[in-house]
Amino acid sequence: MHFNQLLRERYSVREFKPLKVSKALLVEVLEAGRMAPSAANKQPWKFILVSEDDNLKKLKKAYKRDWFKAAPQIIVICGDHDASWKRSFDGKDHCDIDAAIAIDHMTIRAAELGLGTCWVCHFQPDLIKEALELPEGIEPIALLPIGYPIVSKAPLKNRKQLNEVVFEEKFGQQLKK
Ligand SMILES: Cc1cc2nc3c(=O)[nH]c(=O)nc-3n(C[C@H](O)[C@H](O)[C@H](O)COP(=O)(O)O)c2cc1C
């Protein structure tokens, strides 16, 4: 699939077939995350693949939604705040930005492989930390349920118009045609 089409085809999948994805395919997705760029190339991330039902059950307590209960596998993307790059001028921590890029690589590669994912950030962090026995300094940033989508066709994208989000030369100045 052409990249431009892939960007339009990826969508947040919240209905999965009750099937596990093979380790080989999941590793392809994880590899796409590993290849992501990061500030000063610090790669301040850990990806935890969870497939065993007992462990999935614990993660699902942190985000109680019916659709999430049916997620066959979950990748937990964690950030290492001790490893991430901090901007010298104001100390801004780039951990979340780096993790987000890695996650986006994974969601797009998953879509290319016919898999569905959905970013989940609205979880109870303490429950995730406990379930995964995360060490101090390692923060769970997102949960990425992954599996075969029941509906493979993306719904119509609900996005702001280009002229609402793009300016030219200075803030508020419309892009000239
Ligand atoms: C940082 C981030 C956090 C999100 N958290 C959640 C979430 O907790 N639960 C959920 O159902 N969707 C979540 N989403 C999915 C968004 O709702 C979804 O990406 C958005 O509505 C656009 O739809 P699309 O992904 O189908 O294009 C999140 C997306 C992002 C990027």
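Structure data summary
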| quantity | calculated |
| --- | --- |
| Residue in segment 19-27 that is modelled with pLDDT of 95 or more, under 18 Å from Cys118 (Cα atoms) and small (Gly, Ala, Ser) present | no |
| Qualifying residue in segment 149-159 (condition: surrounded by 14 or more Cβ atoms within 10 Å (Cβ to Cβ) and either within 12 Å of the ligand (Cβ to nearest atom) or touching a residue at least 60 places away in the same chain (Cβ under 8 Å) (or both)) | yes |
| Segment 127-148 - residue that is under 21 Å from Ala102 (Cα atoms) and small (Gly, Ala, Ser) and, of those, surrounded by the most Cβ atoms within 10 Å (Cβ to Cβ) | Gly147 |
| Any hit, segment 42-57, residues being in contact with a Pro (Cβ under 6 Å, 6 or more places away or on another chain) and crowded, with 18+ Cβ neighbours inside 10 Å | no |
| Failed criterion for His122 (all others in (1) modelled with pLDDT of 95 or more; (2) away from the ligand (no atom under 14 Å from the Cβ) hold) | (2) |
| Any helices (runs of 4 or more DSSP H) falling wholly within segment 49-116 and containing at least 3 residues that are within 13 Å of the ligand (Cβ to nearest atom) | 66-69, 95-112 |
| Scope segment 1-60; condition under 23 Å from His94 (Cα atoms) and polar (S, T, N, Q); matching residues | Ser38, Asn41, Gln43 |
| Scan of segment 21-41 for residues that are more than 16 Å from the ligand (Cβ to nearest atom) and either at positive phi or in contact with a His (Cβ under 8 Å, 6 or more places away or on another chain) (or both), ordered by number | Ala32, Met35, Ser38, Ala39, Ala40, Asn41 |
| Pair list, Cβ under 8 Å, 6 or more apart: segment 5-29 residue closer than 17 Å to Pro72 by Cα and touching a residue at least 12 places away in the same chain (Cβ under 8 Å), other residue in a helix (DSSP H, G or I) and among the small types (Gly, Ala, Ser) | Val29/Ala110 |
| Inter-residue pairs, beta-carbon under 6 Å, first under 24 Å from Gly137 (Cα atoms) and in segment 85-114, second β-branched (Val, Ile, Thr) and assigned to a helix (DSSP H, G or I), 6+ apart | Met106/Val29 |
| Of the criteria (1) under 15 Å from the mean Cα position of the chain (by Cα); (2) in contact (Cβ under 8 Å) with a residue 60 or more places away in the chain; (3) farther than 17 Å from Arg109 by Cα, which one Pro44 fails | (2) |
| Of all residues making up segment 136-161, the number that are touching a Lys or Arg at 6+ places or on another chain (Cβ under 9 Å) and at pLDDT 95 or above | 8 |
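The values are calculated or read from the model by the stated rules, or taken from the named source; none is laboratory data. Treat the numbers as computed from the prediction; the structure is a model and nothing was measured. With ideal geometry, Cβ positions are generated from the backbone for all residues, glycine too; neighbour counts draw on all protein chains shown.
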